[in-house]
Amino acid sequence: MSRYLRNTLFPLFTAILFLIGGLVSCSQYSTKPVSKGYHNLTAHYNAYVIARDQINQAELILFKARQENYNQLLPILLPIDSMGMQPVKPQIDDAIKKASIIPERHQNSKWLDDAYILIGRARLIKQDLPNAIEVFKYVNTKGTNENDKHTALVGLMRAYVEGNDYTNALNVAEYLRNQPLNKINTRDFYLTKAYLHERQGEYATAAGILDATFPVLKKGESTARLHLVAGQLYDLIGQPAKAVNHYRQVLKSRPTYDQSFYANLYAIQSNGLTGDQKRIAQSAETFENLLNDRKNVDLKDKVYYTMGLLEARSGRIDKAIKYYSQSIQAAGSNTNQVPYTYLEIGKLYFEKKADYTHAKVYYDSALALMPKQSPDYAALLNRKKVLDDFVQYKTTIQTDDSLLALSQLDAAALDRAFDKAISQREKQDKAQAALAQQIIDQATKGTGSSMPGATNSSLQPAERWVLYNPIALSQGRQEFAVRWGNRPLEDNWRRSNKEASGAIAADNSPLNGGSSANSVNPNAPLQPADAMAGGIPVALNSPVASRKTQKDAMMAKVPFTKEAQALANQRIENALYRLGKLYKFELNQPVDAIPTFEQLLSRYPNTLQKPEVYYLLYLSNEQLGKSSPWKDKLLSEYPNTSYARLTGKAAAQTTGSEAQALTTYTAIYELYKANNNAEALSRAEAALGSFAGSQLEDKLALLRLMLVGKVKSVDNYRQAMNEFIRDYPNSQLLPHVKEMQVAADQLTAKRK
């Protein structure tokens, strides 16, 4: 070998050997500088940076694609939505794979804790909360860097909040509060803790934490959004001046157009609460500018809504309803605002006008359009049920009263009443026809074409085919929305899960041994209520029927027999009783409850609900600060009922004691054992009023029941059992009394 080759190849061979030796020594478990440097470099640029950027980009995409509901309090942090993250799922999965390379291949890298944190963040975005929690806990336990451990704990707190585990979230927050956090962890900790308190309804605390966070936030869309949330929080806790300051900060934080628009509207609403007359006067000009701005064409409904809100707060109810109606008309195809506008109108009729019939109509409309996940939905549904009952009771009373009155008329007067009712119905039909034509004109306005077929006919709306009747179509849409919600026009619209629906037979399909489609109706049709004309039910099934046919249908509803009249009176009695209780408890209107109960007692003095009605009349008058005779009547006529005992419960609790009750009970029981039943019964009835609320009350009532069975008639015995079941529904002795009731029934059946 020449000297030249020897001098050239030897250094090259040496370098190759050195490189191979270095690579061999680069084990991921080695602590040598060369090995750690190699794994740090590879882990950082080949895995960590790629995964971090993918997750950051996914979070940005989700933030930009968010759908804000400005009618509700905005969440401080965007709630995790497993369905909403589907567009970024591929890159989140890829980020997890990339970040997982580091613990798999680079155990000695300084990026190990960061990689686990990225995996936890990705799991959180996917709403894989159990795995996210485990990853964050692992970093906190095994991590080597304090800042990384703090970052993991902030992520752990967020995961607990999303899982509604507020106790553990607060425990983590309490620990972090005493730790020296860096700037980024401080920001994230404050935001997560504020979000936690917002989720718990602690709005004052959430607003205070947000105030402490703003100094470390940069101007931008996300900061403008947080100022908007802070303003909403201060509005909710009754501090409109602070709310206005935050709405102004929105405009200084580079907001989006929607954010600035709503900040202006919210500021106007808050100024209405502060009583700042100068700013209130300026709001009219602001409204005019907003309505005239072409950029706000699709936001006019929000402007009118705010105008209505200010009028309502000023006590101008009719003007508020007018603006709310304009808001609904301006909504067009975007109905996001509409259910909340209907809700506000319903509230005005309910709370300010006490017009529950009109309130029900608007609550029905609001419920048909409002998303079920809305915080207002549950309360709205409950109030709607109350109003449904209210209208049902009022309609029952009105209808049956009218029918009973008709049953007392002679033939000529009855015929005149029917003629009047039918004429009134025809007048209503003409009004509906005019409304239908107005709907048609609005639908075809500007199109230069007419609607096809019978929609332009001169027929009454009720006489048209249903799909050509605009009124029926409108009612049908509302009924559909109430039953099914807002659903797109698509195949299998009833199914919540449409995947493979065409290939799988339903549970009730004949293929699976179920009933045929013709024998099962899964959606029973809504039962239409009788229409009323002049207080008389009118048959609507045959709109083209002759006047005689209509009269015959109306005649069939009149209760001429004593049995039919008794049933009508029974319905009225029950409706009055329930309506009075609804006024008292559900609507909190004792002023209306009192005349309703008094009417019940006047018309039906022998009602079985008399003791309870006396008691409710006593309570209603007490609520209004009025004196009344109802307590004395209750105590004198029904001294042994639970309602009589309730009126003196406080006194009994102060004058009686458990020891006295036990002594009295023992004495009565001794009389019972000695077969001195009449004396024992007399003492038991007197003692029940004296020891109401004691632990022995139900036992004393049972002893009285047994004594009644020995001393009085079978009917009195049955009545006493019914009273015990009614008065002590939670007693441990109730099963025994029901067994006694069954035994009494069997004995009676044998005697028959």
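The values are calculated or read from the model by the stated rules, or taken from the named source; none is laboratory data. Not measured: the values here are computed from a predicted model. Cβ placement follows ideal geometry from the backbone for every residue including glycine, while neighbour counts extend to all protein chains displayed. Please note that ligands, DNA and RNA were not included when accessible areas were found on the heavy atoms of the full protein model with its side chains. Shrake-Rupley method; radii C 1.70, N 1.55, O 1.52, S 1.80 Å.
Would you mind putting 254-261, 135-142, 372-379 in packing order, based on average other-beta-carbon counts within 10 Å, highest first?
Taking the mean over residues of other Cβ atoms within 10 Å, the ranking is 135-142, 254-261, 372-379.
Using a 1.4 Å probe on the protein heavy atoms, what percent of the accessible area of the stretch 279-409 belongs to carbon and sulfur?
Solvent-exposed carbon and sulfur of the stretch 279-409 make up 47 percent of the total.
Just check the stretch 657-737 against the gyration tensor rule for me: Cα atoms, a ≥ b ≥ c as the square roots of the eigenvalues, rounded for a/c under 1.5, and otherwise prolate or oblate depending on whether a/b exceeds b/c.
In terms of gyration-tensor shape, oblate.
Assigning unit charges at the beta carbon (Lys, Arg +1; Asp, Glu -1) and nothing else, what dipole magnitude in debye, to the nearest 20, does the stretch 134-254 show about its Cα centre?
Once rounded to the nearest 20, the dipole reads 520 debye.
Send over the per residue convex hull volume for the stretch 578-636, Cα only, as a whole number of Å³.
72
Which peptide among 641-647, 299-305 comes first, and what is the full order, when sorted by highest mean count of other Cβ atoms within 10 Å?
Result, highest mean first: 299-305, 641-647.
With a 1.4 Å probe and every protein chain left in place, work out the accessible area per residue of the stretch 568-678 in Å², rounded to a whole number.
Result: 53 Å² of accessible area for each residue.
Rank by packing, highest mean first: peptides 83-89, 336-342, 590-596, with packing defined as the count of other Cβ atoms within 10 Å averaged across residues.
Answer by packing, highest mean first, reads 336-342, 590-596, 83-89.
What is the dipole size for the stretch 660-725, taken about its Cα centre, with +1 at each Lys and Arg Cβ and -1 at each Asp and Glu Cβ, in debye to the nearest 20?
Dipole magnitude for the stretch 660-725 comes out near 160 debye.
Placing +1 at every Lys and Arg Cβ and -1 at every Asp and Glu Cβ, with all other atoms neutral, what dipole size does the stretch 59-178 have around its Cα centre, in debye to the nearest 20?
220
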